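The structure appears right after this line, and notes come after that.
Read-outs throughout are calculated quantities, based only on the coordinates presented, and are distinct from any laboratory measurement. Computed from a prediction, not measured in an experiment: that's the story for all the values here. Cβ placement follows ideal geometry from the backbone for every residue including glycine, while neighbour counts extend to all protein chains displayed.
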Amino acid sequence: MKQVQKFPNIFEYKGKLYTLNSYPKLTHFEEKTVLQRGLEYREFRPERSKLAAAVMNKISQIGIRQASKVLYLGASHGYTPSFISDMVGRQGIIFGIDVAPQVVTRLYFVASRRNNIIPLLADCNKPETYHHRITQCDILYQDIAQRNQLEIFLKNMQFLKQGGFGILAIKAKSIDVTRQPRHIFREIKQSLEKTLVDYRELHPYEKDHALYVIKKQE
Amino acid sequence: MRVLYSDVLGSYVFEGTKLIAKADFSLDQSIGFSREIAEGRTVAPEKELMQKYSAHKASQEEASQIREVMADKEHLQDLRRVNMKITADDLRHSVTADHIIIHTINNAEEVTRMANGLAKRLREWYGLHFPEINEKIEDNYGFVKAISRKDRKTLMDELKIAESIGSTMAKTELEPILELAETILDLYEQKRRLELYLEKAMKLNCRNLTVVAGSLIAAKLIRDAGSLQKLAKTTSTTIQMLGAEKALFRHLKNRAMKPPKHGHIVNHPIVLGASRPMKGKAARALADKLSIAAKVDYFKGEFIGDRLRQELEERF
């Protein structure tokens, strides 16, 4: 196992990505595990996670550290959140928010086994409905396929600490299905320019998707 | 400058970054107050504290600062505990009539697909014994019913077929085939019952929409829109297109390709009965009335479905 530079608990082995399991012997999505020197690693697939895809495409920074507090908008079933749960370790915390009861049910079960995940059934378009349930975070991670994705991201910036990192996954077709994805990506890049740290398009793992990392400045 | 802020664990009065007063919530209060705060209301403990300490409610910036100060390990553990309870409660109350309707219509379609798929297999298998009947009965349900009830000789007499080039089959060879036929009949029967159930559920949940569109089409519209609320909020032109997404996006990406005139509503008697040049107008008019019906149903208004239907039938 070789640690991927700068990223805590993310490893690479034989061309695949892994995280060090914060809750050993626990898997939730039928992911493969590897045992090395008594430590258990879970396979982190870029086909299933946009964050993994960005790391595979050699993004320079994601900002997530051990013990980070993460606000995850669009947590869905909890695949990526479970791996961020490994990255931040048992001292970290992830508030996973999604609006669909069917997926929050799955997320709830994952959270029951992983104490550092907290599931919320809420609409990310309305931070006023959950501001009192969460804390200020070091990381704002968003993966929501809606037309006003960028607006939602900015609305939830209030929960990100100064100097914290924002990670935004963009699906070009959700914003405008008729326009060329690279035009949309360029526009997003321009909107975020002042705070942009790095970004990557996610092919070949996801078509017409990109991930942006920003840092909240003074 | 005293500031009041509440999270799900309690209400707090801060002076700068110093906590000068607080009111902890019990677990029951946490759950109840959480909803009220989410709706923007001020709860009793907040009013008391605001009065007692002459504090004003925290602004967004002040709230952010307070949240940061409060985030110690114990607080976070309590936050998790309460959130799990609130989310569990939210999930328990999250099932609506829409969800049930969507599952029902999806299952009806699934069962139909299964029955038709198995019927194909049945035709081939039974065709070893009596291939002539395949062409004679085109309807799957009719075919399955016929061969499960009557033997080859009877069918040949009824359908006026003199000879069969199929091979004779022993009783033991026919048994599994007939068992398959029974299974398929079961599925068709299940579908029939599902549609009755759907009809009842639709009439209860959205009377107007059901009268104007019929329960099947209305259920598909709700499913494709996501919920009755979304259907009520969306435009009539979208309703017109629901179900024709493939053709719609093909047109949007390539203006040379013509846009579709109708999605699920193509199967509605008013659109089916319209002449070629009038089909588009009929689809548009129907979609308009459906839009009105959905809105009335969502906001639980009066029953105007029959009037809407009548207006359409008069025009077309």
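Charges only on Cβ, +1 for Lys and Arg, -1 for Asp and Glu: so what's the dipole of chain A about the Cα centre, in debye to the nearest 20?
The dipole of chain A has a size of about 400 debye.
Would you please state the base-10 log of I(q)/I(0) at q = 0.14, 0.16, 0.27 1/Å for the stretch A:135-218, with intensities from the Debye formula using one equal scatterer on every alpha carbon?
-0.44, -0.58, -1.44
Would you list the membrane-span-like helices of chain B, meaning whole DSSP H runs whose alpha-carbon atoms span at least 27 Å along their axis and whose mean Kyte-Doolittle value is at least -1.0?
B:97-126, B:171-205, B:279-298
With respect to the cross-link table entries A:Lys50/B:Lys295; B:Lys136/B:Lys203; B:Lys150/B:Lys203; A:Lys58/A:Lys194; A:Lys155/A:Lys207, which display a Cα-Cα separation exceeding 30 Å?
A:Lys50/B:Lys295; B:Lys136/B:Lys203; B:Lys150/B:Lys203
State, in angstrom, two size descriptors of the stretch B:181-316 derived from its alpha carbons: Rg to one decimal place and Dmax to the nearest whole number.
When restricted to the Cα atoms of the stretch B:181-316, Rg and Dmax are 16.0, 50 Å.
When the Kirkwood hydrodynamic radius is evaluated over all pairs of different C-alpha atoms of the stretch B:253-307, what value in angstrom, to one decimal, is obtained?
12.8
At 222 nm, what helix-only mean residue ellipticity would chain A give, in deg cm²/dmol to the nearest 500, using -39500 (n - 2.57) for each DSSP H run of four or more?
-7000 deg cm²/dmol
Roughly what % of DSSP beta bridges within the protein assembly as shown run antiparallel, to the nearest 5?
In the protein assembly as shown, approximately 65 percent of DSSP beta bridges are antiparallel ones.
Just round it to a whole percent: the fraction of Cα-Cα distances in chain A exceeding 31 Å.
In whole percent, the long-distance tail amounts to 14.
Would you mind calculating the relative contact order of the stretch A:1-145 from Cα pairs under 8 angstrom and at least 6 residues apart, reporting the percent as a whole number?
21
Send over the per residue convex hull volume for the stretch B:160-216, Cα only, as a whole number of Å³.
So the per-residue Cα hull volume is 124 Å³.
Might you report the magnitude of the Cβ-based charge dipole of the protein assembly as shown about its Cα centre, with Lys and Arg at +1 and Asp and Glu at -1, to the nearest 20 debye?
Computed charge dipole of the protein assembly as shown: roughly 1280 debye.
Roughly speaking, what is the centre-to-centre gap between the stretch A:10-42 and the stretch A:111-161 when only Cα atoms are used, to the nearest Å?
Using only Cα atoms to place each centre, the spacing works out to 27 Å.
List, largest first, the extents of the alpha carbons of the protein assembly as shown along their principal axes, each in whole Å.
For the protein assembly as shown, the Cα spread along each principal axis is 98, 65, 52 Å.
Which of B:Ser148, B:Asn107, B:Leu91 sits closest to the plus end of the dipole of the stretch B:53-187, meaning its Cα is farthest towards the positive end, when Lys and Arg get +1 and Asp and Glu get -1 on the C-beta?
B:Ser148
Find, to one decimal place in angstroms, the Kirkwood hydrodynamic radius of the stretch B:1-145, where the mean of 1/r is taken over every pair of different Cα atoms and then inverted.
One decimal place: 20.3 Å for the Kirkwood radius.
If you average 1/r over all unlike Cα pairs in the stretch A:1-104 and invert the result, what Kirkwood radius do you get in angstrom?
After inverting the mean inverse Cα-Cα distance, the result is 13.9 Å.
Mind checking which aspartates and glutamates have their Cα closer than 12 Å to the Cα of B:Lys22? Skip sequence neighbours fewer than 8 apart in that chain.
Straight-line reach from B:Lys22, under 12 Å: B:Asp7, B:Glu46, B:Glu48.
Which of B:Lys191/B:Lys281; A:Lys6/A:Lys126; A:Lys189/B:Lys253 have a Cα-Cα distance over 26 Å?
Where the Cα-Cα span goes over 26 Å, the pairs concerned are B:Lys191/B:Lys281; A:Lys6/A:Lys126.
Would you report the distance distribution of C-alpha pairs in the stretch B:213-272 as whole percents per 5 angstrom bin, up to the bin with the largest distance?
Taking all Cα pairs of the stretch B:213-272, the binned fractions are 4, 20, 26, 24, 16, 8, 2, 0 percent.
Would you calculate the separation in nanometres between label points at B:Phe249 and B:Lys18, each defined as 7 Å from the Cα along the Cα-to-beta-carbon direction?
For B:Phe249 paired with B:Lys18, the spin-label model returns 6.0 nm.
Can you pick out the pairs among B:Lys220/B:Lys261; A:Lys25/A:Lys171; A:Lys173/B:Lys300 whose Cα atoms lie more than 25 Å from each other? List each step's numbers first, then the result.
Details: B:Lys220/B:Lys261 17 Å; A:Lys25/A:Lys171 34 Å; A:Lys173/B:Lys300 35 Å.
As for pairs spanning more than 25 Å Cα to Cα, those are A:Lys25/A:Lys171; A:Lys173/B:Lys300.
Working from the alpha-carbon coordinates of chain B, get Rg over Rh, Rh being the Kirkwood radius.
Over the Cα atoms of chain B, Rg/Rh equals 1.21.
Taking the Cα atoms of the stretch B:108-214 alone, what are Rg (to one decimal) and Dmax (as a whole number) in Å?
Calculated on Cα positions, Rg and Dmax stand at 17.6, 56 Å.
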